[in-house]
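A quick write-up on the structure given underneath.
Computed from the coordinates by the stated procedures, all read-outs in this text should not be read as laboratory data. Only a predicted model underlies this, so the values are computations on that prediction, with no experimental measurement involved. Here Cβ is always computed from backbone atoms with ideal geometry, including for glycine, and neighbour counts include all displayed protein chains.
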Amino acid sequence: MLQFLRTRSIYHLKESDPQAFVLPRLEGAAKVALAELLYDEFGGGRPSQLHAALYGDALQAAGLDREYGTYLDEVSALTLAVSNAMSLFCLHRRLRGAAMGHLAMFEITSSVPCRRIAAGIERVGLPPAASAYFHEHVEADAVHEQVAARDICGSLVAAEPGQRTEVLLGAATCLVLDDLAAREQLGTWLGTETAA
Amino acid sequence: MSAPDVSGDRVEVRACPRGPWLVRGATVVRDAAGVEHVPTRPVVAVCRCRKTSRGPWCDGTHKSIPGY
């Protein structure tokens, strides 16, 4: 569990920072919807609820270091690829559709797993602050997946039909990389690791 | 499937196909037992499949219901 929390620190301690770069690259309804989602990610006006800080609290509660980059050298290339794909998409205007497709798929595949991760954290006896981040994401991402898929990606594609393939590229990239990283992680735990 | 019991000045309620109610602008959401819940985010997902473990909020359980 501690290794899992360290691995996830690569993205969660910078949660939503990549997507914030996309805001000036969207227009109209898609921009409004992304701003609404980001407001929630960045605490909804309450510093204690900043999602990246909630993850820091979770690390601390588990006896780990909350400083960004502490566990950088121990994570795999695939873990870095998951995070780097987001940065690549989010930092280029021409890839803004892929950035939002990635975001939507990330949110769509988050709520149910977060419920199971929170249960796992509690099962091994870590304190409530360690699971609070994941409990928050059960409800938050049940909202965000609807906002991201319908109001961000839907509005973007309605306004710019040419972005449809970009959105799908981002969504597919999210699924492929997360699947590869998860298989690698499970292989490590189960002792069946094979070269990726 | 009746609309969610909500209060607020400018409430917008939308049914997401095969998903929850998406509610913007609510100051209070009442669950099936009439208990009031205060949203902590600008838009909330309210359970529509009635199988959530965190009522009145959606927890994604509807994805596990065949045919929903």
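Can you give the angle from 0 to 90° between the axis of helix A:77-90 and the longest principal axis of chain A, with both taken from C-alpha atoms, to the nearest 10? With rounding to tens, the tilt is 30 degrees. A helix-only calculation puts the protein assembly as shown at -16000 deg cm²/dmol for mean residue ellipticity at 222 nm, using -39500 (n - 2.57) for each DSSP H run of at least four residues, averaged over all residues. Across the range A:52-151, Cα-Cα pairs more than 18 Å apart make up 60 percent of the total. Across the range A:20-66, the volume of the C-alpha convex hull divided among the residues equals 69 Å³ per residue.
Could you give the size of the charge dipole of the protein assembly as shown about its Cα centre, using +1 on the Cβ of each K and R and -1 on the Cβ of each D and E, expressed in debye and rounded to the nearest 20? Roughly 620 debye, rounded to the nearest 20. Would you mind classifying the range B:5-64 by shape? Square roots of the alpha carbon gyration tensor eigenvalues, ordered a ≥ b ≥ c; an a/c under 1.5 is rounded, otherwise it is prolate if a/b is larger than b/c and oblate if not. Oblate is the answer for the range B:5-64, as a/c is 1.5 or above yet b/c matches or exceeds a/b. All C-alpha to C-alpha distances of the range A:102-169, sorted into 5 Å bins beginning at zero, yield P(r) values of 4, 18, 21, 16, 12, 10, 8, 6, 3, 1 percent in whole numbers. Sequentially through the range A:32-39, phi angles give Karplus couplings (6.51, -1.76, 1.60; θ = phi - 60°) of 4, 5, 5, 4, 5, 5, 5, 4 Hz, Gly and Pro residues having no value and appearing as x.
Placing +1 on the Cβ of every Lys and Arg and -1 on the Cβ of every Asp and Glu, with nothing else charged, gives the range B:5-64 a dipole about its Cα centre of roughly 320 debye.
Stokes-Einstein diffusion of chain A at 10 °C, 1.306 mPa s viscosity, Kirkwood radius from Cα pairs, rounded to a whole number: 93 µm²/s.
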